[in-house]
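Here is the structure we will look at, set down as structure tokens.
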Amino acid sequence: MVTLTAAVRPLVPHLRRQLVRHGQSHRITPVRRCNLTACSSKYVLSPMHPMWQGPLAVPGGDRQSPIDIVVRKSIFDGELKPLVTSYDPHTCQQIWNNGYSFLVEYDDTTDKSTLKGGPLKDKFRLCQFHFHWGETNAWGSEHTLDRKLFPAELHLVHWNSDKYSLFEEAVMEDNGLAVIGVFLKVGKRHEGLQKLVDALPAIRHKDSVVEFNRFDPACLLPTNTDNYWTYHGSLTTPPLTESVTWIIMRQHIEVSHDQLAVFRSLLFTSAEEEVQRSMVNNFRVQQPLRGRTVRSSFIPFLQEAPAEHDEPMP
């Protein structure tokens, strides 16, 4: 039987381009700004991203993500520690539209921006963060809580620098990655996010890259990072390797409708393509739990119940 590592290793260069593309200043390419009049005159489509329109081989298969978190079935684990994030805004380098989402990428050649604690035994370096969102505020998140959908979900991607020397190595192995997931909810404007939102029009088209400096990702974390769920899962984009310790924050953050509208103004397509397609619904469908345990750092039934006006997932 072919091992997971052998089967997926040929995909690593592609993954590198899709997920972490270490940004050096000389890699910043000039961006041809979109002519909004011309773009709006084309037929703009908004289907699910082509990545998920056909069959896709899944390596492994028993620990795939995302999942629905059934709150009352999660197991309280008193050994789970508070998260310790130490992010240096000076490591922020660039924003890149990779044709699936936009990635804010960080210099991860040193331990200047790290994640420790929580369910983790090792130290993990931040390499990038990105979002998933829907075409309306009714859906967009990859994970759900008791089948409740959120308009968007933030993923902060870290790799284990204690055990591995490169991201490419860590992504292939157990305990290689740690991803913090944060749900977004429509409400008041998020002041910390606005600097990023203001930069997004410059990367409207696929393969656009612009320099982006001194952004502190800690501003996107909720005020309470002690309450979270954790489970063993996978990347939610190819090659879907089952190397991820997921840490899903219980507390959401609020963003305005206008801020999410800027996310939706991005395109899956390059400027040269005749038919332009809106970047929306860039999430993977949920996967079966297959006997995995979802642990919580808090006792679920002692927490506040969801608001009555929250609508369940259809």
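Yes/no matrix, rows are residues, columns are (1) closer than 30 Å to VAL275 by Cα; (2) touching a helix residue (DSSP H, G or I) at 6+ places or on another chain (Cβ under 9 Å):
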position	(1), (2)
ASP198	yes, yes
ARG204	yes, yes
SER208	yes, yes
ALA218	no, yes
THR223	no, no
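Out of LEU83, LEU126, I need the residue that is in contact (Cβ under 8 Å) with a residue 24 or more places away in the chain, surrounded by fewer than 24 Cβ atoms within 10 Å (Cβ to Cβ) and not charged (D, E, K, R). Which one?
LEU83 is the lone residue from the list that is in contact (Cβ under 8 Å) with a residue 24 or more places away in the chain, surrounded by fewer than 24 Cβ atoms within 10 Å (Cβ to Cβ) and not charged (D, E, K, R).
Scan region 102-117 for residues that are more than 13 Å from PRO89 (Cα to Cα) and crowded, with 21+ Cβ neighbours inside 10 Å and report the count.
Final tally of qualifying residues: 3.
Given the criteria buried (at least 18 other Cβ atoms within 10 Å of the Cβ) and within 14 Å of TRP133 (Cα to Cα), does VAL294 qualify?
Spelling it out, it is not the case that VAL294 is buried (at least 18 other Cβ atoms within 10 Å of the Cβ) and within 14 Å of TRP133 (Cα to Cα).
How many residues does region 188-217 hold that are assigned to a loop (DSSP other than H, G, I, E, B) and under 17 Å from ARG264 (Cα atoms)?
From region 188-217, those assigned to a loop (DSSP other than H, G, I, E, B) are 188-190, 204-208, 212-216; that's our starting set.
With the extra rule that they be under 17 Å from ARG264 (Cα atoms), the set shrinks to 189-190, 204-208.
Counting residues in region 188-217 that are assigned to a loop (DSSP other than H, G, I, E, B) and under 17 Å from ARG264 (Cα atoms) gives 7.
Quick one: would you say PRO66 is at pLDDT below 95 and either outside any strand (DSSP E or B) or under 18 Å from the mean Cα position of the chain (by Cα) (or both)? Break it down into steps so the answer makes sense when it comes.
Values: at pLDDT below 95: no; either outside any strand (DSSP E or B) or under 18 Å from the mean Cα position of the chain (by Cα) (or both): yes.
No, not satisfied.
Please work out if ARG284 is assigned to a loop (DSSP other than H, G, I, E, B) and either touching a helix residue (DSSP H, G or I) at 6+ places or on another chain (Cβ under 7 Å) or at pLDDT below 95 (or both).
In short, yes.
Give me the pairs, please: first residue somewhere in region 204-225 and exposed (fewer than 15 other Cβ atoms within 10 Å of the Cβ), second residue anywhere and of a type in the set (Lys, Arg) and assigned to a loop (DSSP other than H, G, I, E, B), beta-carbon distance under 8 Å, and either six or more positions apart or on two chains.
ASN224/ARG250
The values are calculated or read from the model by the stated rules, or taken from the named source; none is laboratory data. Fair warning: this is a prediction, and the values are worked out from it, not measured in the lab. For neighbour counting, all protein chains shown are included, and Cβ atoms are generated from backbone atoms with ideal geometry for every residue, glycine included.
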